[in-house]
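**Student:** Have a look at this one before I ask anything.
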Amino acid sequence: MKRYEKILIGDKDKRDEIFDVCLSIGITEEMLDRCSLIFIMQIYGTYMSRAENPFKIGDEILHLEGLSRRGQSSTKPATMFDKKVYLKGLWHKHYVGSSVSDMAINLIGALRNYGLPKLEADVNEVMSSGQERYFTPEDAGRIAHEAVVENFLRRSQEKRLTGHWIIYAVHEGQNFYLSLGRHNSDEEEIRRNIDAVAVLEFPFLSEILHPIN
C-alpha cells in the first residue's frame, strides 16, 4: 500500500504490523489499496482488542470480492443505504458480531420468522389425541435446541443473518472499503470520518456521496 509509508501510534511506526493483520484475515495487497485508512485502523483495532472476530469481517470481504472458498455468505445480501441520509450512495454488507447480544438479535428474529414448528406439531398432536401430557425436562432440552440451534441454522441457510456493517463504495466495478459500522452507530459521525479521510484518499467519493447541506 503505497499511500502510507508510515503509520505512527505514539512514536512507533506500526505500518507493517497493521498491514500484516489485514493480510492475515484474507485481505490481499491489491485490496488494501482499496481500503481507507479508517477501515484499516478499525480492522487493526478489532484484532488487538479481541472485541470482535476480524476473520468474520475478512470472510465477508472475500465473499464480496468473489474470492471466498467457504461457499456462499450466510448474512443478508449487500445493499445500498436508502434510509440513512448521511450514507446514501454507499453500500453495506453484514458480518455477524461475536457478542451474546449479536447472537440474541438473530435468535429473536428467527423466533419471529419461524416460531417453534416442532413444538407446535407436538402440541397439536397431543391435543388431537385428547391425551393429557405434561412437559418434561427432556422436552425443555428439545425446545431449547430448536429455538437456538435449529432456528439459527434456518436463518443462516436462508442467508438472513444480520449483524454489523462493512461500509463500502462501488466505483468502476470495484469495491472500496471505507468503514465499519453498527445499526446503532451515529451515521453523521461515520460520514464526517469518511469526508475527513476517505474522500481525500478516493476523490471519486465526492461524486458518489449524497450531498449534505
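**Student:** Cα gyration tensor of the range 3-106, axes a ≥ b ≥ c as square roots of the eigenvalues: rounded (a/c below 1.5), prolate (a/b > b/c) or oblate? It would help to have the intermediate numbers written out before the result.
**Tutor:** Working: a/c = 1.56, a/b = 1.47, b/c = 1.06.
The shape class here is prolate.
**Student:** If you don't mind, another one. Cα to Cα, under 30 Å, and not fewer than 8 places away if on the same chain: which lysines meet these conditions relative to residue 118?
**Tutor:** Here the lysines satisfying the reach criterion relative to residue 118 are 76, 159.
**Student:** Taking only protein heavy atoms into account and a 1.4 Å probe, give the accessible area per residue of the range 88-163 in Å². Numbers along the way, then the final one.
**Tutor:** Numbers: 4790 Å² over 76 residues.
Here the residues of the range 88-163 average 63 Å² of exposed surface.
**Student:** Using a Förster radius of 35 Å, what is the FRET efficiency between residue 108 and residue 128 based on their Cβ-Cβ separation? Nearest 0.05, please.
**Tutor:** On the way: r = 30 Å, r/R0 = 0.86.
According to the calculation, E is roughly 0.70.
**Student:** Could you tell me the center-to-center distance, by alpha carbons, between the range 1-36 and the range 99-148 in angstrom?
**Tutor:** When both Cα centres are located, 47 Å separates them.
**Student:** Run the numbers for residue 51 and residue 140: contour at 0.36 nm per residue of separation, minus the present Cα-Cα distance, in nm.
**Tutor:** Details: separation 89, 0.36 × 89 = 32.04 nm, distance 3.23 nm.
28.8 nm is the gain from fully extending residue 51 to residue 140.
**Student:** Efficiency by 1/(1 + (r/R0)^6): what FRET value for residue 121 and residue 101, r their Cβ-Cβ distance, R0 = 35 Å, to the nearest 0.05? Walk me through the numbers before you get to the answer.
**Tutor:** Working: r = 31 Å, r/R0 = 0.88.
Rounded to the nearest 0.05, the efficiency is 0.70.
**Student:** Another question, if that's okay. With labels modelled as points extended 7 Å from the Cα through the Cβ direction, what inter-label distance (nm, one decimal) is found for residue 70 paired with residue 212?
**Tutor:** 3.2
**Student:** On the first, second and third principal axes, largest extent first, how far apart are the outermost C-alpha atoms of the range 57-213 in Å?
**Tutor:** Per principal axis, max minus min of the Cα coordinates gives 71, 37, 24 Å.
**Student:** Mind giving me the FRET efficiency for residue 13 and residue 199? R0 is 35 Å, r the Cβ-Cβ distance, nearest 0.05 is fine. Each step should come with its number before you reach the end.
**Tutor:** Working: r = 25 Å, r/R0 = 0.72.
The formula returns an efficiency of 0.90 here.
**Student:** Once neighbouring chains are kept in place and the probe is 1.4 Å, which whole percent of the accessible area of the chain is contributed by carbon and sulfur? If you can, show how the numbers build up before the last one.
**Tutor:** Details: 6700 of 12520 Å².
About 53 percent, which is the carbon plus sulfur part of the accessible surface.
**Student:** With Cβ to Cβ distances under 15 Å as the rule, what net charge do the other residues near residue 203 carry (K, R +1; D, E -1)?
**Tutor:** On the way: positive: 3, 34; negative: 33, 172, 195, 201, 207.
With Lys, Arg at +1 and Asp, Glu at -1, the net is -3.
**Student:** While we're here: What is the gain in length, in nm to one decimal, between residue 79 and residue 3 on full extension, counting 0.36 nm per residue of separation less the C-alpha to C-alpha distance? Walk me through the numbers before you get to the answer.
**Tutor:** Numbers: separation 76, 0.36 × 76 = 27.36 nm, distance 2.87 nm.
Here the answer is 24.5 nm.
**Student:** What whole-number distance in Å separates the alpha-carbon centres of the range 53-80 and the range 192-213?
**Tutor:** The two parts, judged by their Cα centres, are 25 Å apart.
**Student:** Based on DSSP H runs of at least 4 residues, each adding -39500 (n - 2.57), what is the mean residue ellipticity at 222 nm of the chain after dividing by all its residues, to the nearest 500 deg cm²/dmol?
**Tutor:** Details: 10 runs with 94 residues, N = 213.
Roughly -12500 deg cm²/dmol at 222 nm, from the helical runs in the chain.
The values are calculated or read from the model by the stated rules, or taken from the named source; none is laboratory data. Quick caveat: nothing in here was measured; it's all calculated off a predicted structure. A quick note on method: Cβ atoms are made from the backbone with ideal geometry, for glycine too, and the neighbour counts reach across all protein chains shown. The accessibility values were calculated without ligands, DNA or RNA, using every heavy atom of the protein model including side chains. Shrake-Rupley method; radii C 1.70, N 1.55, O 1.52, S 1.80 Å.
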